[in-house]
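For reference, the structure discussed in these notes is given below.
The values are calculated or read from the model by the stated rules, or taken from the named source; none is laboratory data. Note that this is a predicted model, so its numbers are computed, not measured. Cβ sites come from the backbone with ideal geometry, for glycine too, and all protein chains shown count toward neighbours. Calculation scope for accessible area: heavy atoms of the full protein, side chains included, ligands and nucleic acids excluded. Shrake-Rupley method; radii C 1.70, N 1.55, O 1.52, S 1.80 Å.
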Amino acid sequence: LRTNKTYFLLLTLLLLGTCRLASQTPATVSFLTVNDGLSQGMILNILQSRHGFIWMATKDGLNHFDGTRFEVFSPDPFAPFAIRGSEVRELFEDRRGWIWVSHPEGLDVLEPASGRFFHLKNKGNPLFTEHFAETPDGSVWFTYDNKVWKVSI
C-alpha cells in the first residue's frame, strides 16, 4: 500500500511539472540597432544598472537604454561636464550608482542624477583603465599604467 501511495504521488508531481513546463511561453528575442537609436553598432561593453537601465559602451559614445528609447552621451568640447571620449570601452557601477566610464581619452565618472561627467586625471594626464573593483568601504580600485589605483570617495 505504501508503494502505491509513493507511486501515485510521484506520478502526480511529474504530471503537474510537465503541465507547467508546457504552459510556459518561449522567450522573445529582439534586436536593437542604429535604426532604434543606438549610436553605433559596435558594442564594446554592456552594464545593467541597479535601476534596471542598460548602459552600452560603443565606438561612438555611451548609450543609455531605458527599455523604450536610447539616450546617447557624446563628447562636447564646449561642455565641461560632458563625456570626454567617444570610444567607450569599459563600464562599472559603484555602490552609489555612479557609472565609471573608461575610454582612450581618460576615465570619467557619471553621476546619473545630475547627468554630469567628472573627469579623473593623474597630474594632468588622463587615466584609462580596463579593470574595476570596489571594496566594502566604497573605494574604487582600477589598474592603469601597470599600477593599481585606489579612489576613496
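Here region 37-87 is assigned +1 on the Cβ of each Lys and Arg and -1 on the Cβ of each Asp and Glu. Its dipole about the Cα centre then comes out at about 120 debye.
State the percent of C-alpha pairs, over all pairs in region 22-103, separated by a distance greater than 16 angstrom.
Values: 1839 of 3321 pairs.
More than 16 Å apart: 55 percent of the Cα pairs in region 22-103.
Dipole size of region 14-153 about its Cα centre, with +1 on Lys/Arg Cβ and -1 on Asp/Glu Cβ: approximately 240 debye, rounded to the nearest 20.
Calculated from the alpha-carbon coordinates, region 31-153 shows an Rg and a Dmax of 14.0, 43 Å respectively.
Leaving out ligands, DNA and RNA, and with a 1.4 Å probe, what % of the accessible surface on region 53-153 is carbon or sulfur?
Exposed carbon and sulfur together represent 53 percent of the surface.
The heavy atoms of Ile43 present about 80 square angstrom of accessible area, all protein chains included, probe 1.4 Å. Here the Karplus relation 6.51 cos²θ - 1.76 cosθ + 1.60, evaluated at θ = phi - 60°, turns the backbone of region 121-127 into coupling constants of 9, 10, 6, x, 8, x, 9 Hz, with x for every Gly and Pro. Using the Karplus relation 6.51 cos²θ - 1.76 cosθ + 1.60 with θ = phi - 60°, the per-residue 3J(HN,Hα) values for region 135-141 come to 9, x, 7, x, 6, 9, 10 Hz, with x marking Gly and Pro.
Could you give the accessible area per residue of region 18-119, probe 1.4 Å, as a whole number in Å²?
Spelled out: the 1.4 Å probe surface of region 18-119, per residue, equals 59 Å².
For the set Phe118, Phe31, Phe92, the ranking by accessible area, highest first and with no ligand, DNA or RNA atoms included, is Phe31, Phe118, Phe92 under a 1.4 Å probe.
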